[in-house]
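Report on the structure given below.
The values are calculated or read from the model by the stated rules, or taken from the named source; none is laboratory data. For clarity, every value in this text was computed on a predicted model and none was experimentally measured. Here the Cβ positions follow ideal geometry from the backbone for every residue, glycine too, while neighbour counts run over all protein chains shown. Heads up: the accessible areas ignore ligands, DNA and RNA and are worked out on the full protein's heavy atoms, side chains in. Shrake-Rupley method; radii C 1.70, N 1.55, O 1.52, S 1.80 Å.
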Amino acid sequence: MKTSFWVIFLLCFIFTSCESNLKDVQNIYKTTFVPSGEADSINLKYTDSGRVKTKLQSLKMLDYSTAKNPFVEFPKGVLVTLYDQNNRTTTIHSDKAYSYKRTQIIDLQGNVKIVSHDGKVLQTNQLYFDQKNEWFFTEDFFRFIDNNGSYVEGKGIDFSKDFKIFNMQNNRGEINNID
């Protein structure tokens, strides 16, 4: 009877000591998701033929270019200024942004606001931008206000970068002046 007690005690001791070593080994091989690059207070300018076309400002940028699906994160928001051929500006602001390299999609999140050079304003909580096709889209609630006070709001919209082509799925609004 004493022998079986010691055998059971010894087995319990062995299994509990292996348990902690196994967890330590698992933690050694556990990978963490960390950025390969990090920058604070960035001010990037994209130029073409000596002319500034886009300016991007952010307090923080995290680069995950070594991830399986590489992306860049702007956890403290972005302010993007777009310049047209006449040097007129359109600004885009959001609380957070992600730029996915493979799909060329930018995901703007939180208090997204676009203000065009002629006073048009679009507001939503999340907005995607397809860089390849220069096309914005969202399934979230949006509000678009024209420079003459007209507005359209609803769920789901997609539109061209220059605000000339709109497709709306479920909307309502008020048009003040039709030319």
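A compact table of results
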| item | result |
| --- | --- |
| List E139, E134, ordered by accessible area with a 1.4 Å probe, largest first | E139, E134 |
| In sequence order, calculated HN-Hα J values of region 111-122 (Karplus, 6.51, -1.76, 1.60; Hz; x Gly/Pro) | 6, 6, 9, 10, 10, 8, 4, 9, x, 6, 10, 10 |
| Förster radius 35 Å - calculated FRET efficiency between S150 and K76 (Cβ-Cβ, nearest 0.05) | 0.55 |
| Whole-number D in µm² s⁻¹ for region 20-171, Kirkwood Cα-pair radius fed into Stokes-Einstein, 25 °C, 0.890 mPa s | 143 µm²/s |
| Contour minus Cα-Cα distance for T103 and A39 (0.36 nm per residue) | 20.7 nm |
| Assigned charges on the beta-carbon of Lys, Arg, Asp, Glu; region 40-179 dipole about Cα centre (debye) | 420 debye |
| Exposure rank, largest accessible area first [K155, K164; 1.4 Å] | K164, K155 |
| 27 Å Cα-Cα threshold exceeded, pairs from K132/K164; K60/K113; K60/K164; K68/K161 | K60/K164; K68/K161 |
| Surface accessible to a 1.4 Å probe, K96 within the full protein complex, Å² | 70 Å² |
| Positive dipole terminus of region 33-140, leading residue within F74, Q109, N43 (C-beta point charges) | N43 |
| With all protein chains modelled, accessible area of F137 [1.4 Å, Å²] | 70 Å² |
| Efficiency of FRET from Cβ geometry, Q169 and S49, R₀ 30 Å, rounded to 0.05 | 0.20 |
